[in-house]
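Every number in this text was worked out from the coordinates using simple rules, so none of it is lab data. Please read all numbers here as calculations on a predicted model, not as lab measurements. Glycine gets a Cβ as well: all are built from the backbone with ideal geometry, and neighbour counts include every protein chain shown.
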Amino acid sequence: MLSLELTSDRWYALHVRSRHEKIVFAQLDAKQHNVFFPVYSARHKWADRWKTVLLPLFPGYVFCRFDVAKRSSVLTTSGVIGIVGAGTRPVPVETSEIEAIQWAVKSPLFTEPFPDLVRGQRVVMTGGPLTGLTGTLMEIRRNLRLVLSVELLQRSVLVEIEREWVAVCEPVKSACHGFISSSNTHVA
């Protein structure tokens, strides 16, 4: 049987000051919170050279798992603006969405931010390093991409995949879920 304390810890999206994601991550990690800051690598050109830099997949946000009743330690962290929610009530991020993003970030596949939710065809990965994940299928510049979304933030991540790795989700499969719109969300 799980204790009440374990079941009360949920993932929340923290809205943080612009360009303070790494600082907030480090502070929350030092406070021994379970924190997740997904990044991707991009090439940027300076006047004299090209450099590969790590950038946030969700600019302005850091994810943290905690008991919302004990949120003062999180909210007093320098750089944290607030917890994303509806009205004054913090709304947790689905654990399956966080796990999907964690899985994609750990894989060797190319990822990048994707600004909008796409309500395209839902697919399940049947091969490759993301076998078992479900997401939305996209095609960009003749390459297939899987869209993984954090619906609360209305933000998504693109993961480049191979055509033979996907199968269309059947409507009756329990592994595939429809989108739930989260309108009127803002920082609490």
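Would you mind computing Rg(Cα) / (2.2 N^0.38 Å) for the stretch 1-154, counting N as its residues? Kindly include the intermediate steps, with their values, before the conclusion.
Values: Rg = 17.0 Å, N = 154, 2.2 N^0.38 = 14.9 Å.
Against the compact-globule rule of thumb, the ratio is 1.14.
Take the stretch 4-90, drop everything but the C-alpha atoms, weight them equally and run the Debye formula without solvent; then report log10 I(q)/I(0) at 0.14, 0.16, 0.18, 0.25 Å⁻¹ to two decimals. Evaluating at q = 0.14, 0.16, 0.18, 0.25 Å⁻¹ gives log10 I(q)/I(0) of -0.52, -0.64, -0.77, -1.25. Residue ranges 13-21, 69-77 sort as 13-21, 69-77 when ordered by packing (mean number of other C-beta atoms within 10 Å per residue, highest first).
Remark: the stretch 100-106, residue by residue, has Karplus-estimated 3J(HN,Hα) of 5, 5, 4, 4, 5, 5, 6 Hz, where x stands for each Gly or Pro and the curve is 6.51 cos²θ - 1.76 cosθ + 1.60 at θ = phi - 60°. The fewest-to-most ranking of ASP29, ASP48, ASP9 by surrounding Cβ atoms within 10 Å reads ASP48, ASP29, ASP9. What the phi angles of the stretch 57-67 give under the Karplus curve with 6.51, -1.76 and 1.60, with θ = phi - 60°, is a coupling list of 5, 10, x, x, 9, 9, 9, 9, 9, 7, 7 Hz, glycine and proline written as x.
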